[in-house]
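What follows is one structure encoded as structure tokens, with my remarks underneath.
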Amino acid sequence: MAHASESDLPIISDLNKFDFNSGTWLEKLVFNNRGIVMALCGLVTVFLGFYATQIDLRAGFEKTLPKAHQYVVNYQENRDDLKGLGNNLRVVVAVDEGTLFTRENLKFLEQVNDAIFYIPGVDRNGMKSLFTPNTRWRVVTEQGFEGGPVIPGDFDGSERSIAEVKRNILRAGIGGDLVANNEKSAAIIVPLLEINPETGERLDYARLSEKLEEIRKTFTENDTNRSIHIIGFAKLIGDLIDGLMAVMGFFALAVIIATVLLNGYTRCLRSTVMVIACTLVAVVWQLGILALLGFELDPFSILVPFLVFAIGVSHGAQKLNGVLQDIGRGAHPYVAARYTFRRLFIAGVTALLSDGVGFAVLMIIQIQVIQDLAITASIGVVVLIFTNLILIPIVLSYTGVGRKSVIRAQRPPKSQQDMHWLWRFLLLFTRRGPAAMAIAVSVVLAVIGLVVAQDLQIGDLDKGAPELRPDSRYNRDVAFMIENYSVSTDVFAVIVKTAADGCIDHEGLSLANELEWRLRQVEGVEDVRGLNVRTREIMMGINEGFPKWQSLFRNQDTMNYAISELVTLEYVDPACSIWPMQVYLADHKAATLTRVVETLEQFKADWGGVDKIEFLGAAGSSGFEAATNIVVKKANHEMLFYVYGAVIVLCLLTFRSVPGVVCAVLPLMLTSILCEALMVWLGMGVKVATLPVIALGVGIGVDYALYVLTVILAKEKQGKDLTTAYYETLNFTGRVVALIGVTLAAGVITWAMSPIKFQADMGILLTFMFIWNMFGALILMPALATFLVKSKPGKAPEESAATLVPAEQNGR
Amino acid sequence: MPHTRTSHTRTSHTRTSDTRVLIGTLILLMLAPWQGSWAKDFDVLNLPAVRSEIATESLVYSIRKFHGRIYATGIQGHILWSEDDGETWTQAQVPVRSSILDIHFPTPDKGWAVGHEGLILHSVDAGKTWEKQYDGLRYGTEGLAYYQKLALQYPRDPYYSYLVEEMQFAIEQGADKPLFKVYFHSDTHGHAFGAYGMLLRTRDGGQNWEHVLHATENDSFYHLFDFAPLPEPGRFFIAGEAGLLMIGDSNRRKAVRVENVPWEGSFFTSVAAADGRIVLGGLRGRLFSTADEGKSWSEAQKPASSSLVDSVRLADGRLVFAGMAGDLLVSSDHGTSFSRLPISSGTRVYTLAEGPSGTLLVGGPDGIHKLTLPQ
């Protein structure tokens, strides 16, 4: 039958007796020139290793946007003209006890203000706080306007001048904006320059963030009463880059865990280290290739080396297992390595390709980070073919394995009764009763899972920046801002466009009022700001501040005057043709975003016919999230369809048996369902980060089926009953399957500690899928086979244990 | 008289066919705001107000109490009424989405409301439903015809040709002038006035709105902000922009300027005290009162405050003035002196009215708030 029998691979302990011309052309090419191959690999490692160190870290948000969605297209087309969505930081100086309005506390605010002023990248003229000269008060008088700076020129910190400052704050109307209404804190608005006009350099977010932390530390480290809170896109990116650094540290941990596990299995440190080293070579190659191709490491793609490492170790473990068994039976290390290569190369390629299918399916999602993840992971898989399928056997052909582990491997396989209780327990599931039980439990689990998964939400569900954990410093600062200032970080910006000079048109602004009004009715909308809102206020201001003028009345002269002021304040671009209507939301839950999107689209359906003005979705963090949710929701179904389609085809080709496909795919589906239920329980929504998890989980999970089911099916075809077939399978590959499960999980479980929330989410879900898929393969799959796969009687049962991991050559 | 003919046909049409109006409104409700391709022009004068959950939390321009009901007017064509002293509010059916600035009910059922776009609305069912009686587009065309006729009649009087020019300008500007105030002396006889000297009168319950600009001494067309009745029947006090104060007399059909002005700033609000004195509040918190129709004035003793934009006389005779920054001033001596009330809605205040037993209802940019008056 298909698997190699002893006659195919005679045990040869003397290398001189070995036929060097046996095996495939690839085997001959690789093994007969193993010195050269080793040297080449060394050279490539040095070369790519050099480039790997050059790889850039980036945490931009643009790549997480669904680039094909109309909202994102609209944003990209108009981003240069959109004012008022600038790259701002908001720094708040707060006191815990008493008020900010004491001589010392105001002095403190001024010092922080000055320290920020000197940070490179800060747009110093645009900075706004109590202590910047552009913060002025103004009142209407019978003669016209009267005004001055909020902090008067003769400010001396006396009670009298503090009272004056308080009065000016009231007159300037900056309460709730620059000064909290409870008088315990004040804000510094810090606009940033993307390009430094002096040096022409791009803003370095990591350095900026570092400087801000320095300021926070110097000013508040030994001060329990005062605190500094910082929010803004630049700070978020800075914190993400910090998170990336932390995650890189986890890699070392993943390596240690994998080494311990593998060593525990082989009991041979030498070969364990070799396997780990070769896998690390794969990671180096992969990083080097990425750097060469111009890829950067972002919070998503930084996870690929972990995956590559985990997959590599699991394949390395099988190679090691093969070599170990052959040496155990007396073969020369070289011969053992070569036999292992001969037996496992095609199987390994197939398994890796099936992983690749999981990654490749991700390419259909029109989100750059996911596509990058797909490409980088695919590169990693290709690299693994070289390092782990070719290099590991060659290295092992030199080093062999330790004596102790050889002795262990020489022990004859135990009979069914002598096996470890765990294996005996697993064997139960080849009997009808327990198998039916297992299937019944699975069905119950699936039903529960499906019911729970009904509540699966789209999008991010926590408050604050979704990239970071809810209790991170940044998100605590966000919560502080929301509590004390009328600002929300969840902004959905409608892009309002007219012809040049068209922003002053009354009908256009009336339509904007209509949209604003509809949006205000929407549950979850806190406030709407924009040119039309400010125009109404300024039109009142121009008319002596009499409230009955606060309306968009049809006096063109008044409107022109109001809007010319607003051009100066950058509420609209200088060409008077484009401005953002900013919708402030209470949260960024998918339901809230959907309501906003539906309102906007309904408005466009009703009034899109007025061609002098266009209302385009959407910019702002919530605009992007809304677009992402729409794409993710659609992709979630598509992706499941394609990934299962691909896996089914792959299984059909491998097993050439429909029951086999059913046995392989149903456990995966159960895992997918339970994964969704787990997401509901853990409060995770379907988002950019969790989308790849199911594809990866299924793509990698099918490996188990390939290992276990091929062997079972092969044995069955030999006419063995299922229990015997499964017994033999467990003997030869079962332990490896368990090893694969834990090594894969070891690779990703460290992510759970990541300060970047979505990485943690991915880590938890992937760990769950890898482990659960393992149980699926070891329990549910044989249980299903009990009922679905009919053994073909007639052939003589073959009880020989001489064949090792035999089925991989079968049907592949 | 072309303008009277048009207004006749218009009003008789709306009067005699209530069901058709209803059906028309329903069709409008169904079609107008949702049929973009059909209704190409967006004009708040042609679009009915939409029921809104947040109407009581949105900008309110005035809160007034008539015949035991409290009314509030606001943006987006909001007219709200409450029969339980402001506890619960119901939104009226209004055929426009303009900003509604003031409201008056001379009888429990008949009422008028005015607003931006020179709008006048009328209700005969205590404010549940409203129909449009007048808008600013008519102001220019009807005024032009009217003053052209008068200019022909009195060729020697240059003021009529001056007003003809003003009306031509008004036509060019479109419906840009708000009516700030409406007051009905009876259920047929009323005045509406507003920006740029706009002053209209009706003697037939609004079937015709006549121009009376020529009968006012306001040839600079200053804004007219508020109205207060004088003790002598038919006489009233008008407060306006830049120190414009006038005494109106319905019987003599004239508004005569007060020559002795205490201050040349804008007076946004006026109230008649229990002793017949008129108390005026305005820009930068200035407060004056007169007991003799403006022959002499006294400035109130008061703490510093923001611009005073509305005022009310409480049932017990106390006067309360609202500063737009949210500060409230109270006087127990008919406006001679004021002190600050220690209560606040925490936001700007645009209007106020007396609420149930010892409370104030204040309105502003974020809707209606109830404040408890200190005893």
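The values are calculated or read from the model by the stated rules, or taken from the named source; none is laboratory data. Since the structure is predicted, the reported quantities are computational estimates derived from the model, not experimental observations. With ideal geometry, Cβ positions are generated from the backbone for all residues, glycine too; neighbour counts draw on all protein chains shown.
Here are some notes:
- Sole exception among (1) more than 9 Å from chain B (Cβ to nearest Cβ); (2) at pLDDT 90 or above; (3) touching an Asp or Glu at 6+ places or on another chain (Cβ under 7 Å); (4) buried (at least 20 other Cβ atoms within 10 Å of the Cβ) for A:V525, by number: (3)
- Looking at A:V46, A:V112, A:V72, just one residue is outside the structural domain of A:E570 (by TED's automatic domain parsing), part of a helix (DSSP H, G or I), surrounded by 20 or more Cβ atoms within 10 Å (Cβ to Cβ) and of a type outside the set (F, W, Y), and that residue is A:V112.
- Qualifying positions in region A:300-330 - farther than 30 Å from A:F251 by Cα and buried (at least 24 other Cβ atoms within 10 Å of the Cβ): A:D326, A:I327
- Test: residue in region B:129-149 that is assigned to a loop (DSSP other than H, G, I, E, B), within 14 Å of chain A (Cβ to nearest Cβ) and not aliphatic (A, V, I, L, M): yes
Every residue, every condition in (1) away from chain B (no Cβ under 14 Å); (2) charged (D, E, K, R); (3) over 27 Å from B:A322 (Cα atoms); (4) not in a loop (DSSP other than H, G, I, E, B), yes or no:
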{"site": "A:K497", "(1), (2), (3), (4)": "yes, yes, yes, yes"}
{"site": "A:A500", "(1), (2), (3), (4)": "yes, no, yes, no"}
{"site": "A:E514", "(1), (2), (3), (4)": "no, yes, yes, yes"}
{"site": "A:R534", "(1), (2), (3), (4)": "no, yes, no, yes"}
{"site": "A:K548", "(1), (2), (3), (4)": "no, yes, no, yes"}
{"site": "A:D557", "(1), (2), (3), (4)": "no, yes, yes, yes"}
{"site": "A:N560", "(1), (2), (3), (4)": "no, no, yes, yes"}
{"site": "A:Y571", "(1), (2), (3), (4)": "yes, no, yes, no"}
{"site": "A:L593", "(1), (2), (3), (4)": "yes, no, yes, yes"}
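- The residue of region B:80-113 that is nearest to A:R518 (Cα to Cα), among those that are more than 14 Å from chain A (Cβ to nearest Cβ) and within 13 Å of the chain's Cα centre (by Cα), is B:W112.
- Matching residues in region B:173-187 - criterion: being away from chain A (no Cβ under 14 Å) and either touching a Lys or Arg at 6+ places or on another chain (Cβ under 6 Å) or free of Cβ contacts under 8 Å to residues at least 12 places away in the same chain (or both): B:D187
- Boolean, B:L121 is touching a helix residue (DSSP H, G or I) at 6+ places or on another chain (Cβ under 9 Å), modelled with pLDDT of 95 or more and not in a loop (DSSP other than H, G, I, E, B): no
- Failed condition for B:L152, given (1) of a type outside the set (K, R); (2) closer than 22 Å to B:L101 by Cβ; (3) in a helix (DSSP H, G or I): (2)
- Filter result for B:L287 (buried (at least 21 other Cβ atoms within 10 Å of the Cβ) and farther than 27 Å from B:S52 by Cα): yes
- Checked against the criterion of being within 14 Å of another protein chain (Cβ to nearest Cβ) and crowded, with 16+ Cβ neighbours inside 10 Å, region B:327-342 has at least one qualifying residue.
- For A:P197, the requirement of being modelled with pLDDT under 80 and surrounded by fewer than 20 Cβ atoms within 10 Å (Cβ to Cβ) is met.
- Strands (runs of 3 or more DSSP E) within region B:260-375 that include 1 or more residues within 26 Å of A:G175 (Cα to Cα): B:267-272, B:278-282, B:308-313, B:319-323, B:328-331, B:351-354, B:359-364, B:367-372
- Residues that are under 27 Å from the mean Cα position of the chain (by Cα) and not β-branched (V, I, T) within region A:222-242 comprise A:H229, A:G232, A:F233, A:A234, A:K235, A:L236, A:G238, A:D239, A:L240, A:D242, listed in sequence order.
- Qualifying residue in region B:207-223 (condition: in contact with a His (Cβ under 7 Å, 6 or more places away or on another chain), away from chain A (no Cβ under 14 Å) and surrounded by 18 or more Cβ atoms within 10 Å (Cβ to Cβ)): no
- Residue that is of a type in the set (D, E) and within 22 Å of A:D56 (Cβ to Cβ), where the choices are A:E213, A:E221: A:E213
- Selection from region A:280-299 of residues that are surrounded by fewer than 24 Cβ atoms within 10 Å (Cβ to Cβ) and either of a type in the set (A, V, I, L, M, F, W, C) or modelled with pLDDT of 85 or more (or both): A:L280, A:V283, A:V284, A:G288, A:I289, A:A291, A:L292, A:L293, A:G294, A:F295, A:L297
- Test result for B:E117, acidic (D, E), within 14 Å of chain A (Cβ to nearest Cβ), within 20 Å of B:L200 (Cβ to Cβ) and in contact with a Leu (Cβ under 8 Å, 6 or more places away or on another chain): yes
- Test: residue in region A:386-400 that is more than 27 Å from A:M781 (Cβ to Cβ), modelled with pLDDT under 85 and either surrounded by fewer than 18 Cβ atoms within 10 Å (Cβ to Cβ) or out of contact with any helix residue (DSSP H, G or I) (no Cβ under 7 Å at 6 or more places or on another chain) (or both): yes
- Residue match in region A:208-221 (condition: assigned by TED's automatic domain parsing to the domain that holds A:V150, part of a loop (DSSP other than H, G, I, E, B) and more than 31 Å from the chain's Cα centre (by Cα)): yes
Table: residues versus (1) on the phi > 0 side of the Ramachandran plot; (2) modelled with pLDDT under 95; (3) surrounded by 12 or more Cβ atoms within 10 Å (Cβ to Cβ); (4) at the interface with chain A (Cβ under 10 Å from one of its Cβ atoms).
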| site | (1), (2), (3), (4) |
| --- | --- |
| B:S17 | no, yes, yes, no |
| B:I27 | no, yes, no, no |
| B:W34 | no, yes, yes, yes |
| B:S37 | no, yes, no, yes |
| B:L47 | no, yes, yes, yes |
| B:S52 | no, yes, yes, yes |
| B:G68 | yes, yes, no, no |
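- The residue pairs whose first member lies in region B:345-367 and is closer than 14 Å to B:S306 by Cβ and more than 9 Å from chain A (Cβ to nearest Cβ), whose second member is part of a loop (DSSP other than H, G, I, E, B) and among the charged types (D, E, K, R), and whose beta carbons are closer than 9 Å, counting only pairs six or more residues apart or on different chains, are B:S345/B:D366; B:T347/B:D366.
- Taking region A:49-69 as the range and being of a type in the set (S, T, N, Q) and assigned to a helix (DSSP H, G or I) as the test, only A:T64 passes.
- Scanning region A:470-500 for residues that are surrounded by fewer than 20 Cβ atoms within 10 Å (Cβ to Cβ), under 28 Å from the mean Cα position of the chain (by Cα) and farther than 21 Å from A:I174 by Cα gives A:P470, A:D471, A:S472, A:R473, A:R476.
- Sole residue being within 23 Å of the chain's Cα centre (by Cα) and either within 14 Å of chain A (Cβ to nearest Cβ) or free of Cβ contacts under 8 Å to residues at least 24 places away in the same chain (or both), chosen from B:R257, B:R277, B:R286, B:R313: B:R286
- Tallying residues that are under 12 Å from the mean Cα position of the chain (by Cα) and among the charged types (D, E, K, R) within region B:173-221 yields 1.
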